[in-house]
Amino acid sequence: MKPKVLPIIYVIISAILMYVTSQLFHAFEFEIPARQLVSLVVFISGLLIVAVGGMQFRQAGTTVHPLEPGNTRCLVRSGLYKYSRNPMYVGFLLFLVSWWLFLGNLVCGIFLPLFVLLINYLQIIPEEAMLEKKFGDQYRQYLSEVRRWI
């Protein structure tokens, strides 16, 4: 199976569903001190993780295109990739955590694990299969050393 949708589309769809949900379930609103500031910090953290992860791919001379993992030229195992096999997806998840905090609605939190499941099954698992086929034992070793998310 080959990934067919850009992962950012899943982020956008999740964000829209979270917004709609927040409008339907006002009874589940919450407030924490400096909620909007915390939301901004989480968003910027996600943005930095996505940017650094992408730069590390470019520096290694490999593709960042998520729909063409078969075009990968090398495994990136340094920097953020020592701690997560998918730091850019972690960054996307942080975008959604930020949005959840900004919306301030508990029910919207259900979309966070749903996003993880969706990305795992529709994006990461197909990517991993292609990378294992392409890099074999080298990739299997990486799988055993570094977690999928964090």
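The figures follow:
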read-out: Helix axis angle, 87-103 relative to the chain longest principal axis, alpha carbon, degrees; value: 0 degrees
read-out: Nearest-20 debye value, the chain charge dipole, Cβ charges on Lys, Arg, Asp, Glu; value: 480 debye
read-out: Cα Rg, Dmax (largest Cα-Cα span) when computed across the range 89-138, Å; value: 14.6, 45
read-out: Peptide ranges 64-72, 19-27, 107-115 listed from the most packed, as the mean C-beta count within 10 angstrom indicates; value: 107-115, 64-72, 19-27
read-out: Part-to-part distance (alpha-carbon centres) for the range 26-70 and the range 102-140, which is given in Å; value: 14 Å
read-out: Cα Rg, Dmax, the range 20-69, angstrom units; value: 17.4, 50
read-out: Under 20 Å from the Cα of residue 4 - aspartates and glutamates, other chains or at least 8 residues apart; value: 68, 127, 128, 132
read-out: The range 1-123: relative contact order as a whole-number percent, Cα under 8 Å and 6+ apart; value: 44 percent
read-out: Angle in degrees between helix 35-60 and the longest Cα principal axis of the chain, rounded to the nearest 10; value: 10 degrees
read-out: Longest exposed-site-free window of the chain, the sites being trypsin sites (Lys or Arg not before Pro) in a DSSP loop that have at most 16 other C-beta atoms within 10 Å; value: 78-146
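The numbers here are math on the coordinates, done by the rules we state, and not lab data. These numbers were taken from a predicted model, which means no experiment stands behind them. Methodologically, a virtual Cβ is constructed for each residue, glycine included, from the backbone with ideal geometry; neighbour enumeration extends over all protein chains shown.
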